[in-house]
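The values are calculated or read from the model by the stated rules, or taken from the named source; none is laboratory data. These numbers come from a predicted model, not from an experiment. Neighbour counts are summed over all protein chains in view; Cβ atoms, including those assigned to glycine, are modelled from backbone coordinates with ideal geometry.
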Amino acid sequence: MALYSVFMEPLTIRIREETKESLEEGADEYDVSVSEYVRELIRKGSEYDELAERLGARENRIEELESQLRKRSQIEDKIEDLPDKIRNAETYTERRQRKLDRASLPQRLKWKFTGVPVDNNDD
């Protein structure tokens, strides 16, 4: 337990008898005065608050990183599926020929002038 030898302002508080006895027992255990024991408890309480604040910030950072990791995993899954999609994708020429093969003669004549609407998915 650290002892403080700096001049300090006195403070008077009212506490219950059992609290006073508990403080006296704690001071006796460390062989310090009740005042020194209370100052140490206050200092430790302050350290606890700082640690709790840092822990909260770290927990928030962990949640943020876990969220980023989930998003990254979703992107990786999409990337893994991409080669299959590319292999299974129909080329422009194949789509154009399929449309021409299914079209009626008047439709093919119309497309001769307007072009085959390959990107339309209405077939």
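Key figures for this structure:
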read-out: Residue that is part of a loop (DSSP other than H, G, I, E, B), without any contact (Cβ under 8 Å) to a residue 24 or more places away in the chain and among the hydroxyl-bearing types (S, T, Y), where the choices are T19, T12; value: T12
read-out: Among the candidates E36, E47, E90, E80, residue that is assigned to a helix (DSSP H, G or I), in contact with a helix residue (DSSP H, G or I) (Cβ under 8 Å, 6 or more places away or on another chain) and either on the phi > 0 side of the Ramachandran plot or modelled with pLDDT under 95 (or both); value: E36
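Rundown of residues vs (1) out of contact with any strand residue (DSSP E or B) (no Cβ under 9 Å at 6 or more places or on another chain); (2) free of Cβ contacts under 8 Å to residues at least 60 places away in the same chain; (3) surrounded by fewer than 10 Cβ atoms within 10 Å (Cβ to Cβ); (4) under 28 Å from D119 (Cβ atoms), yes/no style:
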{"residue": "D31", "(1), (2), (3), (4)": "yes, yes, yes, no"}
{"residue": "R43", "(1), (2), (3), (4)": "yes, yes, no, no"}
{"residue": "L51", "(1), (2), (3), (4)": "yes, yes, no, no"}
{"residue": "E94", "(1), (2), (3), (4)": "yes, yes, no, yes"}
{"residue": "D101", "(1), (2), (3), (4)": "yes, yes, yes, yes"}
{"residue": "P106", "(1), (2), (3), (4)": "yes, yes, yes, yes"}
